Amino acid sequence: MGDSQRISVHRLLGQGLVADVVLWKNWRGAAALLVSSSTLWYLFERAGYNFLSFVANVVLLLVLILFFWAKAANLLNRPLPPLPDLEISEETVAKVADAVQIWMNRALTVAHDIAIERNLLLCVQVVGGLWAISFVGSLFNFLTLIYVCVLLSLSLPVLYDKYQDQIDDRLCVIYGTIQTRYKKIHSIVLSKIPNQSNKEKKAQ
């Protein structure tokens, strides 16, 4: 595979701050994310720290710092704490609402195809995906799963960007094998199940 066929991982990730952090181009941000996530995971999973107590103590500390900073600034004629306007803009709310609407419409479309259209293949895919999520959830708790996802996001893109040619070759072989097995299963099992549209044609 030549260099002209290589995929720009940085471009796929948006070429922004997230891409720089995930690919370790912004190594300070990546290191800060790794250290902070590792610290939080250790505090909650190993040290037994309570999440609600942690949030309350952090907010309490911030409130006390801001209060004494404002008092000291008033006495010493210093500038007040540089706080931005603490409000959510209507544009942000609209963007979040649009994103939620898109995901909800997709979920409702899948439910419609399964319940009304009786799409067996889609039903099998959804059941398999939910079973995989349930299986992974039985191995890790939610916080550990998030920590594992953070570690994977900071390692897999870098490895793929570095060894893209070798990984693509392996994935092509695996994909071809899966496609061959899937076609065999589909022709043997799924093709024996009558489709709803065929039933309607026979009824007419």
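Could you count how many Lys pairs in the chain have their Cα atoms under 18 Å apart, skipping same-chain pairs fewer than 8 positions apart?
Total qualifying Lys-Lys pairs in the chain comes to 5.
Mean residue ellipticity, 222 nm, helices only, the chain: the sum of -39500 (n - 2.57) across DSSP H runs of n ≥ 4, divided by residue count and rounded to 500, is -24000 deg cm²/dmol. Between Leu23 and any residue 5 or more places off or on another chain, the built amide H atoms are never under 5 Å apart. Label-to-label distance, Ala132 versus Val58, with points set 7 angstrom from Cα along the beta-carbon direction: 3.1 nm.
Loop-only check: which trypsin sites (Lys or Arg not before Pro) in the stretch 116-175 are DSSP coil with at most 16 other Cβ within 10 angstrom?
Working: sites: Arg118, Lys162, Arg170; in loops: Arg118.
Here the trypsin sites (Lys or Arg not before Pro) that fit, given the DSSP loop and packing criteria, are Arg118.
Quick one: ranking Trp131, Trp69 by accessible area, 1.4 Å probe, largest first, what do you get?
Numbers: Trp131 165, Trp69 120 Å².
Per-residue accessible area, sorted high to low, gives Trp131, Trp69.
Sorted largest first by accessible area at a 1.4 angstrom probe radius, with every protein chain in place, the residues Leu159, Leu80 fall in the order Leu80, Leu159. When the Cα positions of Ala47, Phe68, Leu121 are compared along the charge dipole of the chain, Leu121 comes out farthest toward the positive end, with charges on each C-beta of Lys, Arg, Asp and Glu. Taking a Cβ cut-off of under 10 Å around His10, the surrounding Lys, Arg, Asp and Glu residues balance to a net charge of 0, with basic ones at +1 and acidic ones at -1. The tail of the calculated P(r) for the stretch 14-113, taken as Cα-Cα distances beyond 22 Å, holds 68 percent of the pairs.
Only four residue types carry charge here, +1 at the Cβ of Lys and Arg and -1 at the Cβ of Asp and Glu. Report the dipole size of the chain about the Cα centre in Debye, rounded to the nearest 20.
The dipole magnitude comes to about 720 debye.
With the other protein chains left in place, how much accessible area per residue, in square angstrom, belongs to the stretch 69-155 at a 1.4 angstrom probe?
Working: 7260 Å² over 87 residues.
Here the per-residue accessible area is 83 Å².
Restricted to Cα atoms, the chain shows a radius of gyration and a Dmax of 25.7, 89 angstrom.
Grab the Cα-Cα distance for Arg78 and Ile146, subtract it from 0.36 nm times how many residues apart they are, and report the gain in nm with one decimal. Before the final figure, lay out each step's value.
Numbers: separation 68, 0.36 × 68 = 24.48 nm, distance 4.19 nm.
Additional length available on full extension: 20.3 nm.
Based on Cα contacts under 8 Å between residues 6+ apart, the chain shows a relative contact order of 31 percent. What the phi angles of the stretch 165-173 give under the Karplus curve with 6.51, -1.76 and 1.60, with θ = phi - 60°, is a coupling list of 4, 5, 5, 4, 4, 5, 5, 5, 5 Hz, glycine and proline written as x.
The values are calculated or read from the model by the stated rules, or taken from the named source; none is laboratory data. This one's a predicted model, so the numbers in the text were calculated from it and none came from an experiment. Glycine gets a Cβ as well: all are built from the backbone with ideal geometry, and neighbour counts include every protein chain shown. Note: areas computed on protein heavy atoms with side chains; ligands, DNA, RNA excluded. Shrake-Rupley method; radii C 1.70, N 1.55, O 1.52, S 1.80 Å.
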